Amino acid sequence: MNIRRGSWAPARWAIAIALTLTAASVLSYPGGTVRDESTRGYSFTHNFLSDLGNTVAFDGQRNVVGAVLFGVSVLIMVLVLAGSIIAAVRLLSATPGARWFARLAAVAGALVCAGFLGVALTPADRAWRLHMAFSMVAFRSFPAATALLAVATVRDGRFRARAAAGWMTLTIVLAGLIAMTHFGPSADTEHGLVTQVITQKIMAVSVLVILWVESRETETVSSRTLLSRLNQPAG
């Protein structure tokens with residue numbers, strides 16, 4: 001039990017720290033949106049998450065502190081995501097039927113982490129094209145990684161059905177975000193901006209919740225596997 005409870009504790013603390021830094025970034029955001037420079041503070045329905053990373057807010061005020069806080073929070077979440085994918089892939093690779101799906105998921109996951117790392121290091125107001133390029137790499141690779149993990153989890157009998165359901169749910173949410181970006185209402189309109197922003201927030205919450213759930217599932221399987229090995233008779 002001590003092994004199971006402690007193995008993922010650092011990752012969960014890291015998520016809590018990242019959320020705290022993001023909240024501090026939200027509180028320090030001066031104001032303004034892509035459509036209205038006169039608003040004050042951060043709007044959860046009119047500001048994208050990436051607005052927090054701008055060194056100068058849309059209202060023209062400097063946002064260096066908030067941008068640094070947000071950048072650090074993204075870097076922490078990249079480490080959590082990378083650790084989660086590595087742990088899941090290592091465990092799934094032990095099952096022949098799941099091995100190749102898990103390894104392909106590792107490749108896609110590496111692209112996801114590289115993309116989000118680039119997003120953190122390229123504020124949209126300073127390097128718009130690079131920021132968007134990194135965003136595209138991250139969000140195009142993400143549903144591929146989660147779909148492959150869902151298939152691998154189904155093919156590994158040690159996992160409960162909820163583990164595969166979690167990865168598949170996240171795949172659907174991520175695919176929905178991509179579809180909304182391309183086919184949804186334009187952020188140039190009031191309705192479109194609200195729709196796009198809320199969709200992004202739903203995605204972010206889904207990632208956090210499902211990573212938490214999957215960490216518990218992976219932790220449980222790891223614990224059972226370890227205990228099974230320890231209980232095997234020597235020789």
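When restricted to residues that are among the small types (Gly, Ala, Ser), open to solvent by 10 Å² or more (accessible area, probe 1.4 Å) and part of a helix (DSSP H, G or I), region 137-163 contains 4.
Contact map, region 49-77: residues that are closer than 20 Å to residue 17 by Cβ paired with residues that are among the charged types (D, E, K, R) and assigned to a helix (DSSP H, G or I), Cβ distance under 8 Å, separation 6+ or inter-chain. Pairs shown: 49/201.
This table checks each residue for (1) modelled with pLDDT of 95 or more; (2) among the acidic types (Asp, Glu).
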{"site": "15", "(1), (2)": "no, no"}
{"site": "22", "(1), (2)": "yes, no"}
{"site": "36", "(1), (2)": "no, yes"}
{"site": "42", "(1), (2)": "yes, no"}
{"site": "72", "(1), (2)": "yes, no"}
{"site": "80", "(1), (2)": "no, no"}
{"site": "88", "(1), (2)": "no, no"}
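For region 33-62, filtering for residues that are outside any loop (DSSP other than H, G, I, E, B), of a type outside the set (Asp, Glu) and either open to solvent by less than 50 Å² (accessible area, probe 1.4 Å) or touching a His at 6+ places or on another chain (Cβ under 6 Å) (or both) leaves 4. Quick check, is residue 122 over 19 Å from residue 168 (Cβ atoms) and of a type in the set (S, T, N, Q)? Criteria met by residue 122. Residues of region 90-129 that are surrounded by fewer than 17 Cβ atoms within 10 Å (Cβ to Cβ), free of Cβ contacts under 8 Å to residues at least 24 places away in the same chain and assigned to a loop (DSSP other than H, G, I, E, B): 127 alone. Just to be sure, is residue 65 of a type in the set (A, V, I, L, M, F, W, C), surrounded by fewer than 17 Cβ atoms within 10 Å (Cβ to Cβ) and either within 18 Å of the chain's Cα centre (by Cα) or in a helix (DSSP H, G or I) (or both)? The answer is yes for residue 65. Report yes if residue 220 is in contact with an Asp or Glu (Cβ under 9 Å, 6 or more places away or on another chain), open to solvent by less than 30 Å² (accessible area, probe 1.4 Å) and farther than 20 Å from residue 73 by Cβ, otherwise no. No.
Residue-by-condition table, conditions (1) within 20 Å of residue 147 (Cβ to Cβ); (2) of a type in the set (Val, Ile, Thr); (3) out of contact with any Lys or Arg (no Cβ under 8 Å at 6 or more places or on another chain):
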site	(1), (2), (3)
52	no, no, yes
64	no, yes, yes
69	no, no, yes
76	no, yes, yes
82	yes, no, yes
86	yes, yes, yes
90	yes, no, yes
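With respect to the conditions (1) over 18 Å from residue 131 (Cβ atoms); (2) not in a helix (DSSP H, G or I), residue 87 falls short on a single one, namely (2).
For region 178-192, the count of residues that are surrounded by 20 or more Cβ atoms within 10 Å (Cβ to Cβ), of a type in the set (A, V, I, L, M) and touching a residue at least 24 places away in the same chain (Cβ under 8 Å) is zero.
The values are calculated or read from the model by the stated rules, or taken from the named source; none is laboratory data. None of these values were measured; they are calculated from a predicted model. Reconstructed Cβ throughout: ideal geometry from the backbone, glycine too, with neighbour counts over all protein chains shown. Heads up: the accessible areas ignore ligands, DNA and RNA and are worked out on the full protein's heavy atoms, side chains in. Shrake-Rupley method; radii C 1.70, N 1.55, O 1.52, S 1.80 Å.
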